[in-house]
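K.L.:
My questions will all concern the structure given below.
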Amino acid sequence: MNNIRNFAIIAHVDHGKSTLADRVLELTHTVEMGRHEEQMLDRNPISRERGITIKLAPVRMMYQLTGLRVNELKENAQPINPLTEITKNNIVLNLIDTPGHVDFSYEVDRTLSCVEGVILLVDATQGIQAQTIANAYKALEKNLVIIPVVNKIDMPAADVDGTKKQIKDFLGIAEEEIFEVSAKTGQGVEKLLQAVIAKIAAPKDFVETNSLESPTPASPLTALIFDSYYDSHRGVIAFVRVFGGDMRTKTKVKLASTGKSFEVNEVGYFSPDLTPSQVLESGQIGYVVTNLKDIHEVAVGDTISSPKNATPPLPGYKKIHPMVFASVFPTDTADYLNLKKALEKLYLNDSALEFKSIYSKALGAGFRVGFLGLLHADVVRERLEREFGLSLVLTPPQVEYEIRNEKFFEPYVKIMIIVPDRFVGEVMQLTLNYRATFITMDNKNKTILNYEMPLSELMSDYFDNLKSVTSGFASLDWEFSRFIEVDADKLTILLNGDPVEEFSEIVDRERAYVKAQNITSRLSELIPRQQYEVKIQGQYKGKIIASTRIAPFRKDVLIKSGKVIGAGDFGRKRKLLEKQKEGKKRMKMIGKVEIPKEAFMKLFKK
């Protein structure tokens, strides 16, 4: 184990994690320079197009040290620890490239439980951002070695000194401890890699002896699952870090959270493709072929152990629940079964996805789908449309309230905003308009603002407005906080007295009037005129709080063949108009308001 280094790269979105991983892969000759795609560990095409890592990616590399390098590293590693001293020239480097987006923060948290150190990457053109700090806090909580790095030093807009000062103030370290690299050109990357070997400790076995004279007992198998995916031929393949004992093919193991047992079909490591090996030993990172058919049985954060092992599971496991929900309908009702099959396929590979069948009078059969956040929802939508050729209508994402004893409890989140000092006043005013409660403010190079806010407010247009008032300079990170009792009820939208569930949602009393006005006025623009009057109303707590109407088409029954009927007979005119009015009433009673799907798409676009 002395020759193993387990580490991850953490950063804000688009600060260069995957590009840095490319250079490390080339330095270790895992891949040959110029013979691989850029951002090689990002194999998802949506990841590549958007420039963000959606799925974490582990890789095992071998790095050969020269005798000179070994001596240099021994001198620089202060103090020298016999457990981490480099005794051979071949070092095994297990790198995990992590997602940067807040939707996948639990995956990052579990990844950090699998490593002994991290590279904290900061873009020299943007400085410290919200997810930089959030991920750094996670690493500090786990007592990991943090190697701070300023990236993109070759860019014309790079402020290397300013970024180093931000890192220095944040971590409380000397400026000399901060590395400078260009992940694009490779400048400074080898020096950084040597620092990883020198500064990050080798892994320790889960069971340690208390006495130097007594031998270390054999460790029971203990392995942490930090990711998984489904293979149609081999079942669920789990990504693991072994903390004690070892795992071999054909051995029986069990999962701590469910008690589910299975026989290991294969073990191996990532090179970066799956490479089988005879055994995964303590301290190593690799994969396990489980042959289980349900990815939801192999949960991220769960512990794999021996069936008879009484050792408690590794800490930190929690069941992931969707945070936002949206209804998804095919624009062509004949595509319902295709949508169902597509969701089932995604469900096999996405343990955070939830869905159930629903029916809408306006849109037909569809599904209520749960997501981790807005990015997760957008990625799933794009995959459904691109990979399965579906055309979809999505309702606006909503949060789920808890209802206890007829009282509503709303999910709240803690948000952290990092903003240049000159925008602090505008940001504070904006945030208070979204029912947020101020917690703390920290002012160094940039101001860090902490608030507690309803998740429903965060899911509205808050982030867009935050970017607007700060000219794009603000960054934001959030995490679920708690459920708080609120004065809320269901806002129901009525069309000629009939409720339309697609537009109805639970709303806080403070927001009900504005939301009702907004939806009713937008619908009056989008729903085409009918042969009869259409009333659009917003009902809240039994009262109509917003109302508008769409006037009917009107045929002038007093004119026939271009001539006015009974020009001088007012009674006859009134009789004809009353007859028309009665006809429209009957039409309204039996008629159905037609809402074209284009109206839903336009209303839900934002």
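Read-outs throughout are calculated quantities, based only on the coordinates presented, and are distinct from any laboratory measurement. What you are looking at is a predicted structure, and each value in this text was computed from that prediction instead of being measured. Using ideal geometry, Cβ is built from the backbone for each residue, glycine included, and neighbour counts are taken over all protein chains shown.
K.L.:
So if the hydrodynamic radius of the stretch 402-486 is defined as the Kirkwood radius over C-alpha pairs, what does Stokes-Einstein give as its diffusion coefficient at 37 °C and 0.692 mPa s, in µm² per second?
P.N.:
Rounded, D is 246 µm²/s.
K.L.:
Something else: Under 5 Å between amide H atoms, partner at least 5 residues away or on a different chain: which partners does TYR269 have, H built in plane at 1.01 Å?
P.N.:
Close amide H contacts, sequence-distant or interchain: THR275, SER277, TYR287.
K.L.:
Hey, which aspartates and glutamates would be in cross-link range of LYS318, C-alpha to C-alpha under 12 Å, not counting anything within fewer than 8 residues on its own chain?
P.N.:
GLU107, ASP109, ASP302
K.L.:
Would you mind computing, in nm to one decimal, how far apart the modelled labels at PHE388 and ASP159 are, each placed 7 Å from Cα along Cα→Cβ?
P.N.:
The two pseudo-label positions are separated by 4.6 nm.
K.L.:
Right, here's the next one. For the stretch 282-403, restrict the atom set to alpha-carbon positions and state the Rg and Dmax in Å.
P.N.:
Rg then Dmax for the stretch 282-403, in Å: 17.7, 57.
K.L.:
Any idea how far apart ILE439 and THR125 come out in nm if each label point goes 7 Å out from Cα toward Cβ?
P.N.:
Distance between the two pseudo-spin positions: 3.2 nm.
K.L.:
Let me ask something else. List the residues whose amide H sits under 5 Å from the amide H of GLY244, counting only those 5 or more places along or on another chain, with H placed 1.01 Å from N in the peptide plane.
P.N.:
Amide H to amide H, under 5 Å and 5 or more residues apart or across chains, GLY244 pairs with PHE206, THR222, GLY283.
K.L.:
Now for a different question. Note down the net charge around ALA134, summing +1 for each Lys or Arg and -1 for each Asp or Glu among other residues with Cβ under 9 Å from its Cβ. Walk me through the intermediate numbers first.
P.N.:
Numbers: positive: LYS138; negative: ASP477, GLU479.
Result for the local shell: -1.
K.L.:
How large is the charge dipole for the stretch 324-394, taken about the Cα centre, if only the Cβ atoms of Lys, Arg (+1) and Asp, Glu (-1) carry charge, to the nearest 20 debye? Working shown, then result.
P.N.:
Numbers: 9 positive and 9 negative charges, 42 e Å.
Computed about the Cα centre, the dipole is about 200 debye.
K.L.:
Now for a separate question. Volume per residue, Å³, of the convex hull around the alpha-carbon atoms of the stretch 222-305?
P.N.:
It comes to 78 Å³ per residue, whole-number rounded.
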